[in-house]
Amino acid sequence: MFVGPTLPRSEPQLAAPGVRVWPPVGHGDLFDAAIRSGDTAVIIDGVYHQAPALRHKEILAAVGRGVRMIGAASIGALRAAELADFGMLGVGRIYAAYVRGEIDGDDEVAVGQAPDGEFDALTWPVVNLRHVLQLARSAGVLDGAGADRLLAALRAVYYPQRTWAAVRAVCRHQGKEEFADWLARQRMQDEHFGDVKRADALAAISTARDGGPVQQTAVALTLSVWETTYFRRWSNAFARTLVGGLELSTEDRLVYQQVFDPEFPTVWAAYLEHRSLHPLDGGLGLPLAERLARVTGGHLPADRVFHPAVDLRDEQAVTLLLAGETDLDRQAVARYAGALARARESRPGFQIAAVRDDLTRQLLLQVWRCSEQKFDAEASARGLVCGARAVAEAKRLVPGLLQERNEMTDRTEAAGVTR
């Protein structure tokens, strides 16, 4: 279950056997190998302001590999309404309101949350305000016109600023202090009064554990529903493997080999042969020499003609591409990842793309011991297509490489002083 501000960590249902609680879902979280076919993933809360939001095709891919997806209460309700025809289950009043078109947009369920990692909600979502205004009308505290004006005024407050104090201030400005006092009394008697998001989240847990009243749409999804160039990039970026006690990015491992293994051009040639015989699109397999002869007559190297995609979910391809990897290589990948993480921590807002192109290019020229004239050819032979692409991919390694060189210089200088 992906949940944050909608339910507190102390909620008893979250401690039930078989329930695994994860933070609000974000881009890449459904690629986690721990989520397997036959599992049920419940999406309640998700990030979208401070980090990339979960993409629709990530949900479709999970459904396609046999994961039962349930959404409710917050971004889960919105995604379930958008993907109901593709097999995602929706639970609760908020989901139903999205489906009926009574509400739309993520601003309806958005809340500001604590920055301390506890994910506590600090503000009121519009859906809860709608609900308490309806309850106030039923109780005779507000009439219809007054409730509508108050809702419009409350919606105008930016969601991270819609605190209880802000709600009271808006009520006072609108001359609706009686409603604010009534709501305060209800909340004193029941801290969850009017919290329709909480009610929907609890219903989703029950549905996930007990089967519930919602039935999954019978759909048969094919790869074409989600398998795009962008999706493959995402899946590669989030692919991780546990090797020799180290949890490493598979993509980082591959880039390290492409940059540092002097024999990688041979490895890439073998991959091209493999991909020619077994195309990713399921097309006709041909020996690489025959395919090359058909295209160019054999006058150009295969790596300059063919640039097949790499799918890091393909275990056979990964095994082939990492055939030359050693334990020392994996340890280096871990060090380089650590150096990159430290760069991000020490420089807020740091991004890999900010690493200088000219510095990265110069480091590659030194590692490959090649001239500027041969730079593109060397990059192509290593499966990096061209020099510009090689620079873009290798930037992730620069902080670690510079750290190693600085440490080596320090050791050399220290040794000189000792002598």
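The values are calculated or read from the model by the stated rules, or taken from the named source; none is laboratory data. This one's a predicted model, so the numbers in the text were calculated from it and none came from an experiment. Glycine also receives a Cβ, built like all others from the backbone with ideal geometry; neighbour counts cover every protein chain displayed.
Filtered by the rule that a residue be surrounded by 14 or more Cβ atoms within 10 Å (Cβ to Cβ), within 15 Å of the chain's Cα centre (by Cα) and touching a residue at least 60 places away in the same chain (Cβ under 8 Å), region 4-38 gives PRO23, PRO24, HIS27, GLY28, PHE31. Residue pairs whose Cβ atoms lie under 6 Å apart, sitting 6 or more positions apart in sequence or on different chains, and linking a residue in region 394-419 that is closer than 23 Å to ARG330 by Cα to a partner that is modelled with pLDDT of 75 or more and of a type in the set (Lys, Arg), are GLY400/ARG335. Between GLY76, GLY90, GLY140, the distinction of being at pLDDT 90 or above and assigned to a loop (DSSP other than H, G, I, E, B) belongs to GLY140 only.
Of all the listed residues (ARG369, ARG291, ARG304), the sole one being basic (Lys, Arg), out of contact with any Lys or Arg (no Cβ under 8 Å at 6 or more places or on another chain) and surrounded by fewer than 12 Cβ atoms within 10 Å (Cβ to Cβ) is ARG369. Quick one: how many residues across region 105-133 are modelled with pLDDT of 85 or more and in a loop (DSSP other than H, G, I, E, B)? Total meeting the criteria: 6.
Take region 154-175 and flag every residue that is under 34 Å from the mean Cα position of the chain (by Cα), part of a helix (DSSP H, G or I), surrounded by fewer than 20 Cβ atoms within 10 Å (Cβ to Cβ) and aliphatic (A, V, I, L, M). Explain how you work it out, then say what you get.
The initial filter retains those residues of region 154-175 that are under 34 Å from the mean Cα position of the chain (by Cα), namely 154-167.
From the residues that got through so far, the ones that are part of a helix (DSSP H, G or I) too are 154-155, 159-161, 164-167.
Subset that is surrounded by fewer than 20 Cβ atoms within 10 Å (Cβ to Cβ): 154-155, 159-161, 164-166.
Once the filter is applied, which keeps residues that are under 34 Å from the mean Cα position of the chain (by Cα), part of a helix (DSSP H, G or I), surrounded by fewer than 20 Cβ atoms within 10 Å (Cβ to Cβ) and aliphatic (A, V, I, L, M), region 154-175 yields LEU154, ALA165, ALA166.
List the pairs whose first member sits in region 289-309 and is touching a residue at least 60 places away in the same chain (Cβ under 8 Å), whose second member is surrounded by 13 or more Cβ atoms within 10 Å (Cβ to Cβ) and among the basic types (Lys, Arg), and whose Cβ atoms are under 7 Å apart, counting only residues at least 6 apart or on separate chains? These pairs meet every condition: ALA309/ARG232.
Count of region 343-356 residues, restricted to those that are touching a helix residue (DSSP H, G or I) at 6+ places or on another chain (Cβ under 8 Å) and either β-branched (Val, Ile, Thr) or surrounded by 13 or more Cβ atoms within 10 Å (Cβ to Cβ) (or both), is 4.
Looking at this structure, is ILE70 touching a residue at least 24 places away in the same chain (Cβ under 8 Å), of a type in the set (A, V, I, L, M) and not in a helix (DSSP H, G or I)? Show your work before the answer.
Numbers: touching a residue at least 24 places away in the same chain (Cβ under 8 Å): yes; of a type in the set (A, V, I, L, M): yes; not in a helix (DSSP H, G or I): yes.
Taking the combined requirement at face value, the residue satisfies it.
Would you call TYR271 touching a Leu at 6+ places or on another chain (Cβ under 6 Å) and aromatic (Phe, Trp, Tyr)? Can you show your working first?
Values: touching a Leu at 6+ places or on another chain (Cβ under 6 Å): yes; aromatic (Phe, Trp, Tyr): yes.
The answer is yes for TYR271.
Residues in region 1-40 that are aromatic (Phe, Trp, Tyr) and assigned to a helix (DSSP H, G or I): PHE31 only.
If I ask for residues that are at pLDDT 90 or above, over 9 Å from the mean Cα position of the chain (by Cα) and either surrounded by fewer than 18 Cβ atoms within 10 Å (Cβ to Cβ) or among the polar types (S, T, N, Q) (or both), which ones from region 39-56 would you list?
Step one: list which residues in region 39-56 are at pLDDT 90 or above, which gives 39-46, 53-56.
Subset that is over 9 Å from the mean Cα position of the chain (by Cα): 39-46, 56.
ASP39, THR40, HIS56 - these are the residues of region 39-56 that are at pLDDT 90 or above, over 9 Å from the mean Cα position of the chain (by Cα) and either surrounded by fewer than 18 Cβ atoms within 10 Å (Cβ to Cβ) or among the polar types (S, T, N, Q) (or both).
Can you pull out the residues in region 373-407 that are modelled with pLDDT under 95 and over 30 Å from the mean Cα position of the chain (by Cα)? GLU404, ARG405, ASN406, GLU407 - these are the residues of region 373-407 that are modelled with pLDDT under 95 and over 30 Å from the mean Cα position of the chain (by Cα).
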